[in-house]
Amino acid sequence: MDWLALVVLSVTSDSLNLFFDNYISDYYFKGRGAFSQNYFYAFTYLLVAVIMALASNFDFTTVAPLTVVLLLLSGVISAIDTLPYYKALELDDSTNLGIFIQLAPVLYLIFGWMFLGETMSISQLVSFFIIVSAPFLIINSARKRSRGIRLKAALYAFLYVLMSVASSLIFAQQLGAGADFPTFLALTSIVLLGRSVGTLAIFVFQPKRRKRFFQVVKSSKNKVFYPMAFNSILDVTSTVAYRAALIAAPSVALASAACDASQPIVIFFMGIILTLIWPKFGREKLDRKTVRVHVIATILVVIGIALLQS
């Protein structure tokens, strides 16, 4: 499959995944702890990890023990980062959260400068301020009484992005440049195993979250399983397609830039379309001021990411 098609598949799946997360959290788990739905996803991650490991036909004995530990750590971090992610979804809408998540390229830039000895160009510094201005624009556009809530959601989103970037950096470092597809599948399966184990561990230490999950299942008469099953497919599709695009593209930077620049646009227009077709699902405010603010914020993010990758 062409790398650009993989990017489109990844961005579309990831954007739909964000809206499904928001819908499931608000419609089924409202006031019951949205993170509780991860009890279901923990088992889907485990299933997919086994399938990918078998499909890779990879000799896992060739993987260094330290590499296995770090990949498992990457998965555990990606399990823990869903705690602030769902907290943010409980407080704000999908489109706003999508804008906040675009802080990831900024963190990659900062971490590269701090830990990898990379330098920052003038255009990258400018892009830093442009991208950061978008979330502040969203927060400032809210009414005074709701700015505090939106700021809190932004802080949760930032914490989620911070942990997500750390997880991705560990995986990228262990995968290395020029890895073939079987190696990619094998190492990704280890990460997913770590994510499954990390998620289940949270429920072991916090049984109330598991109890809430079964309460929702019972109250919905098992109907919650259908959107969660579809959402888990979207999540895995997005993850695998994005990492496959990194391998298939002429350069990692090109694939990353294509995903980062297109995602806020897709989320914004998808939010409008879903709100018009299915208001309970999209739930975005479509008044003139909100649309104008989101258009400006999306443009700022796209320009900032374009400068960041230049």
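Of note:
- Residue within the range 130-137 that is at pLDDT 80 or above, of a type in the set (A, V, I, L, M, F, W, C) and in a helix (DSSP H, G or I) present: yes
- Qualifying positions in the range 228-243 - touching a residue at least 40 places away in the same chain (Cβ under 8 Å), closer than 15 Å to S15 by Cα and open to solvent by 20 Å² or more (accessible area, probe 1.4 Å): F230, D235, V236, T237, T239, V240, Y242
- On the stretch given as the range 202-218, residues that are free of Cβ contacts under 8 Å to residues at least 40 places away in the same chain and either surrounded by 12 or more Cβ atoms within 10 Å (Cβ to Cβ) or touching a helix residue (DSSP H, G or I) at 6+ places or on another chain (Cβ under 7 Å) (or both) total 3.
- When I273 is tested against the conditions (1) modelled with pLDDT under 80; (2) in contact with a Gly (Cβ under 9 Å, 6 or more places away or on another chain); (3) not acidic (D, E), the lone failure is (1).
- Single residue of the range 283-295 satisfying the filter (open to solvent by less than 80 Å² (accessible area, probe 1.4 Å) and either at pLDDT 75 or above or touching a Leu at 6+ places or on another chain (Cβ under 8 Å) (or both)) that is farthest from G98 (Cα to Cα): L286
- Look at (1) farther than 23 Å from Q206 by Cβ; (2) part of a helix (DSSP H, G or I) and you find that D21 fails only one, number (1).
- Any hit, the range 199-220, residues being within 19 Å of S56 (Cα to Cα) and touching a Ser or Thr at 6+ places or on another chain (Cβ under 7 Å): no
- Within the range 24-35, the set of residues being in a helix (DSSP H, G or I) and over 15 Å from P84 (Cα atoms) comprises I24, D26, Y27.
- Meets criteria (at pLDDT 90 or above and more than 14 Å from the chain's Cα centre (by Cα)) for P250: no
- Taken over the range 28-50, the criterion of being closer than 12 Å to V197 by Cα and open to solvent by less than 30 Å² (accessible area, probe 1.4 Å) is satisfied by N38, Y41, A42, T44, Y45, A49.
- Scope the range 166-201; condition modelled with pLDDT under 95, over 18 Å from the mean Cα position of the chain (by Cα) and either under 14 Å from Y39 (Cα atoms) or aromatic (F, W, Y) (or both); matching residues: F181, F184
- Across the range 56-92, the number of residues qualifying as open to solvent by less than 70 Å² (accessible area, probe 1.4 Å), touching a residue at least 12 places away in the same chain (Cβ under 8 Å) and farther than 24 Å from Q206 by Cα comes to 8.
- Any hit, the range 196-216, residues being outside any helix (DSSP H, G or I) and either out of contact with any Leu (no Cβ under 9 Å at 6 or more places or on another chain) or among the charged types (D, E, K, R) (or both): yes
- Cβ-Cβ contacts under 8 Å between residues 6 or more apart (or on different chains), taken from a first residue in the range 159-187 that is closer than 14 Å to S74 by Cβ and crowded, with 19+ Cβ neighbours inside 10 Å to a second residue that is modelled with pLDDT under 85 and among the hydroxyl-bearing types (S, T, Y), are listed as V165/Y108.
- The range 36-77: number of residues that are of a type outside the set (A, V, I, L, M), more than 18 Å from the chain's Cα centre (by Cα) and part of a helix (DSSP H, G or I): 7
- Among the residues of the range 12-27, the ones that are under 12 Å from the mean Cα position of the chain (by Cα) and open to solvent by 20 Å² or more (accessible area, probe 1.4 Å) come to 2 in all.
The values are calculated or read from the model by the stated rules, or taken from the named source; none is laboratory data. Keep in mind that this is a model prediction, so the values were computed, not measured. Quick reminder, even Gly has a Cβ in these numbers, built from the backbone with ideal geometry, and neighbours come from all protein chains shown. Keep in mind that these areas ignore ligands, DNA and RNA; they rest on the heavy atoms of the full protein, side chains included. Shrake-Rupley method; radii C 1.70, N 1.55, O 1.52, S 1.80 Å.
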